[in-house]
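Novice: Before I ask anything, let me first share the structure, which is written out below as structure tokens.
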Amino acid sequence: MSPNLDLLRSLAVLMVLFDHICRHFHHDRIGGIAVVDIGFFGVFLFFVHTSLVLMSSMERSHLRGTALMRNFYIRRFFRIFPLSILVVLAAVALHLHADGRGLSYGARPGPGELISNLLLTQNLTHSHSIVGPLWTLPLEVQMYVLLPFLFLWKKRSLTKLLVLWAACAVLGHFPQTIYALSWFTLLLYIPNFLPGILAFSLPENRFIPSFLWPPFILLLLTVFVLNPGRQMAAELCLLLGLAIPLFKEISLPAMKFVSHEVAKYSYGIYLGHSFCVWLALTRFHSWVLLALTLVAVPVALYYTVERPGIRLGVRLADWASRPRRQAVPAVA
């Protein structure tokens, strides 16, 4: 894994965490900056990172056609759904529900809302996400459907990808204005995913010093929070995608180690931190407990849920994408 991408993913999840902790205490603004915009930008960084990493993963598989698709879809299913299902069921069992500032006690969801959250289709069914961060996962899952087709696109080039990005940036306006298309909210965010594919498709020309990589990400964040909006987010993601192949990889050992560890447990941090905030700050009012659970819970989730799911997905995907032997006709 690239140390630069580890840092990108780490900063993304920390932005989301910072946003949610601040809003838990009703600190909605810092100066003139809305903290929710910090969290949103962290999500957009996730989208760029995800599409780039998954395109690279498909390239490493050396598979093509339907074998690639079977392998990719099976792996993604077992990477995403085991933990998301556990999080939904845990919230329901504890009578917890997202209230805009984290988790709080509330009525259990109806069957339709529960099923939609388990299947990660909230944006299609207009269902409320039982745990706040779950709202992004349907978008990622729906983008996963498209990624293998974009990977196998034989004539993919910088010009064609830029035209596609511009077209999606325009089309993304329609789900906001045409009710019949309001279910297709993925259109709003495709311009945030496509720059990762651009970064994958561009040749590497790493001439920018690595020490400028963290300030560059924070500069993008600063520009966004000072002028937030869907179009600005798309343009900054595009700039990020174009810039990724230009930065030399981080070589500072301490930064590489910390970034790798945070990135490794980032999915557990992303889906589990709402429970940590609720338990530590709502039930026990303890910052020490918050610090402990923010470390312990993601690590526990990784080793008990994520890693077993990943390994099972790899085994099943390798089996499903294995070339099938043709039956040999019997010799008379």
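Values in this text are rule-based calculations from the coordinates and carry no lab data. Bear in mind that the values here come from a model prediction, so they are computed numbers and not experimental data. Reconstructed Cβ throughout: ideal geometry from the backbone, glycine too, with neighbour counts over all protein chains shown.
Novice: Where in the chain are the DSSP H helices whose C-alpha atoms run 24 Å or more along the long axis and whose mean Kyte hydropathy is at least 1.0?
Specialist: Helices meeting the span and hydropathy rule in the chain are 35-61, 65-93.
Novice: Follow-up. Compute the Cα gyration tensor for the chain, then decide on rounded, prolate or oblate, letting a ≥ b ≥ c be the square roots of its eigenvalues: rounded whenever a/c is under 1.5, prolate when a/b is larger than b/c in the other cases, and oblate in all that remain. It would help to have the intermediate numbers written out before the result.
Specialist: On the way: a/c = 1.44, a/b = 1.19, b/c = 1.21.
Rounded, since a/c falls under 1.5.
Novice: So for each of 273-282, 112-121 I average, over its residues, the number of other beta carbons within 10 Å; can you give me the resulting order with the highest mean first?
Specialist: Values: 273-282: 19.9, 112-121: 18.3.
Ranking, from highest mean packing down: 273-282, 112-121.
Novice: Report, ordered by chain and residue number, the aspartates and glutamates lying within cross-link reach of LYS248, taken as a straight Cα distance under 19 Å and ignoring same-chain residues fewer than 8 apart.
Specialist: The qualifying aspartates and glutamates are ASP6, GLU204.
Novice: Indicate the gyration tensor shape class of the stretch 9-143 (rounded, prolate or oblate), computed on the Cα atoms with a ≥ b ≥ c the square roots of the eigenvalues: a/c under 1.5 is rounded; otherwise a/b larger than b/c is prolate and the rest oblate.
Specialist: In terms of gyration-tensor shape, oblate.
Novice: Rank by packing, highest mean first: peptides 75-87, 163-175, with packing defined as the count of other Cβ atoms within 10 Å averaged across residues.
Specialist: Ranked by mean Cβ neighbours within 10 Å, highest first: 75-87, 163-175.
Novice: Here's a follow-up. Need one word for the stretch 73-199: rounded, prolate or oblate. Basis is the Cα gyration tensor (sqrt eigenvalues a ≥ b ≥ c); a/c below 1.5 gives rounded, then a/b vs b/c decides.
Specialist: Numbers: a/c = 2.80, a/b = 1.80, b/c = 1.55.
Note, shape of the stretch 73-199 comes out prolate.
Novice: To continue, here is another question. With a 10 Å radius around each residue's Cβ, average the other Cβ atoms per peptide and rank 125-137, 8-20, highest first.
Specialist: In descending order of packing, they fall as 8-20, 125-137.
Novice: Please compute the net charge surrounding PRO228, taking Lys and Arg as +1 and Asp and Glu as -1 over other residues with Cβ under 14 Å from its Cβ.
Specialist: Overall, the nearby charge balance is -2.
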